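Notes follow the structure.
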Amino acid sequence: MTDRARTRERKAAGISILVALQALACAFFLADLVGDVLVDGFGLHLAVEAMAALALLVAVVLGALRVRGLIADARRDAAAVAVAQGALAELIRLRFAEWQLTAAEADVALFALKGCDIAEIARLRGSAAGTVRAQLARVYAKAGIDSQSGLIALFLEELIGLPAA
Amino acid sequence: MTATTANRRRWDPIVRITHWSVAIAVLANAVITEEGSGPHIWVGYALAAILALRLLWGLVGPPEARFSAFWPSPRKALGHLREIRAGKRTAHASHNPLGALMVYAIWGTLLTIIATGIAMAGPPPWDGAERGEGRHVAVAPGHAGERGEDGGEREDGEEGEEGEEGPLGEIHETAANLLYLLILLHLAGVIFETRRNGRQVLVAMAPIGR
């Protein structure tokens, strides 16, 4: 689960707790109101109290709708990310195949796409920096670009061009 | 993909908060508060508010929390039983069909308890004043004799106070006992589903944690 999703879930939980407390308060106000009306009859003071209780009731409903909206957003977000992830993974697979990268080159290119520099890639793959530099140079040549940012831009450009799902 | 399924697997916060609040309120009124006392009635009103929120959520909440997702259906419940017997497992987005029947049974019982409770206690103030009202109702002719006997039979240790409340008290208490039975069945169902389908059932309703 991503940080963003977790943040959103926490937010939904916080508002939910607030809504539950409002519901409690609202029930007590309404019960209290009924009791007062039975004892004292209906007056201006109680009319104001009634309005406050009703406003709280509306707040409960609106709060519930807000939580519903947050949950729906979170799910849409997760679905969109999943679709984009699937699409991007597929696109990367297609391009790498098109450029006829070897397995090692594809591996290095994927790390480069994720933003790793040569030293990091070398450490992750347990190979020498010189080897990685040579592999990257071959990847760039096959893809017709000349830098890591160029490689990233190739994919980003295609994603930006995608119509909104 | 993982994010979507992870979201699906847990109940939303409103469902979890209302579930555990109701559980705490029932436990409090069953074990801690004195029957008919001020705190007992306060907790009862709080439970009513929380249940009302859950029922509202059944109308406006996300799809799996809505009534439409777990409409009570004996046919589906029987189908579910057959699946259990056949050892098959189907994923349910909402409550499973047997669980749905349990949900409505518990809600119906809670509503009965709340309605009779409110009818007996009336609006606040409840500290002392409601006792008078309670007595008032209890003095109403016609039921005094049977009430006294029933109260004496059922509640040996208690003061027999709730026995004096007439038919409402009877219904209140019978429904409460039915509720305890339903809760035991609910727990048995959860344990059964946990053994059949894994800890997911527990995780979905866990109050906190990821």
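The values are calculated or read from the model by the stated rules, or taken from the named source; none is laboratory data. What you see is a predicted model, and the numbers here were worked out from it, not measured in a lab. Here the Cβ positions follow ideal geometry from the backbone for every residue, glycine too, while neighbour counts run over all protein chains shown. Accessible surface is based on the protein model in full, side chains and every heavy atom, while ligands, DNA and RNA are left aside. Shrake-Rupley method; radii C 1.70, N 1.55, O 1.52, S 1.80 Å.
Need one number: buried accessible surface between chains A and B, 1.4 Å probe, both sides summed, DNA, RNA and ligands left out, in Å² to 100.
On the way: alone 10830 and 12720 Å², together 21230 Å².
Buried area between the two chains comes out at roughly 2300 Å².
Restricting the calculation to Cα atoms, chain A yields a radius of gyration followed by a Dmax of 29.1, 90 Å. In percent, rounded to a whole number, the relative contact order of chain A is 20, using alpha-carbon pairs under 8 Å and six or more apart. Assuming charge only on the beta carbon of Lys and Arg (+1) and of Asp and Glu (-1), the dipole of segment A:11-165 about its Cα centre is about 720 debye to the nearest 20. Accessible surface of residue B:76, taken over heavy atoms with a 1.4 Å probe and every protein chain present, rounds to 110 Å².
A Förster distance of 35 Å, applied to the separation of the beta-carbon atoms of residue A:88 and residue B:204, puts the FRET efficiency at 0.70. For peptide A:29-38, the mean count of partner chain Cβ atoms within 10 Å of a residue's Cβ comes to 4. When the residues A:70, B:55 are ordered by accessible surface, computed with a 1.4 Å probe over the protein chains alone, the sequence from largest down reads B:55, A:70. Taking every protein chain into account, the 1.4 Å probe leaves residue B:84 with about 40 Å² of accessible area, to the nearest ten.
What is the angle, in °, between the Cα long axis of helix A:44-98 and the longest principal axis of the Cα atoms in chain A? Nearest 10 is fine, range 0 to 90. That works out to roughly 10 degrees. When you filter the GluC sites (Glu not before Pro) in segment B:12-98 for DSSP loop state and at most 13 other Cβ atoms inside 10 Å of their Cβ, you are left with B:34. Each of B:116, B:42, B:78 was scored by the projection of its Cα onto the charge dipole of segment B:1-121, and the greatest displacement toward the positive side belongs to B:78; charges sit on the C-beta of Lys, Arg, Asp and Glu.
What the pair-distance distribution of segment A:1-78 shows, using all Cα-Cα distances binned every 10 Å from zero, is 19, 35, 21, 15, 8, 2 percent. Surface listing: B:71, B:57 arranged by accessible area from highest to lowest gives B:71, B:57, probe 1.4 Å. Computing FRET efficiency as 1/(1 + (r/R0)^6) for residue A:18 and residue A:153, where r is the C-beta to C-beta distance and R0 is 51 Å, gives about 0.70. Candidates A:130, A:111, A:145 compared by Cα position along the dipole of segment A:99-165: farthest toward the positive end lies A:130, with charges placed on Cβ. At the residue level, residue B:104 shows approximately 60 square angstrom of accessible surface with a 1.4 angstrom probe and all protein chains present.
With R₀ set to 45 Å, the beta-carbon distance separating residue A:55 from residue A:117 gives a calculated FRET efficiency near 0.20. A crude spin-label estimate for the pair residue A:11 and residue A:39, with each label 7 Å from Cα along the Cβ direction, gives 4.4 nm.
Please tell me the relative contact order of segment A:99-165 in percent, rounded to the nearest whole number, where contacts are Cα pairs under 8 Å and at least six residues apart.
Numbers: 40 pairs, mean separation 21.7, N = 67.
The normalised contact order for segment A:99-165 reaches 32 percent.
Farthest toward the positive end of the dipole of segment A:1-78, out of A:39, A:69, A:24, is the Cα of A:69, where the dipole comes from beta carbon charges about the Cα centre.
Look at the stretch A:55-67: the mean tally of other chain Cβ atoms within 10 Å of its residues' Cβ atoms is 2.
Given Cα pairs under 8 Å that are at least 6 residues apart, what percent is the relative contact order of segment A:1-78? Before the final figure, lay out each step's value.
Numbers: 39 pairs, mean separation 39.5, N = 78.
Here the relative contact order equals 51 percent.
Note on A:14-27: average number of Cβ atoms from other chains within 10 Å of each residue's Cβ is 5. When the trypsin sites (Lys or Arg not before Pro) in segment B:15-73 are filtered for DSSP coil states and for at most 10 other beta-carbon atoms within 10 Å of their beta-carbon, no site remains.
Net charge dipole, segment A:99-165: roughly 220 debye, given to the nearest 20, about the Cα centre with Cβ charges of +1 for Lys and Arg and -1 for Asp and Glu.
Which loop-located chymotrypsin sites (Phe, Trp or Tyr not before Pro) does segment A:1-77 contain, where loop means any DSSP state but H, G, I, E or B and the Cβ has at most 13 other Cβ atoms within 10 Å?
Numbers: sites: A:28, A:29, A:42; in loops: A:42.
Loop-located and lightly packed - A:42.
Taken about its Cα centre, segment A:1-78 carries a charge dipole of about 740 debye when Lys and Arg each add +1 at the Cβ and Asp and Glu each add -1 at the Cβ.
Calculated [222 nm] ellipticity per residue, helices only, for chain A: -30000 deg cm²/dmol; basis is -39500 (n - 2.57) per DSSP H run with n ≥ 4, divided by all residues, nearest 500.
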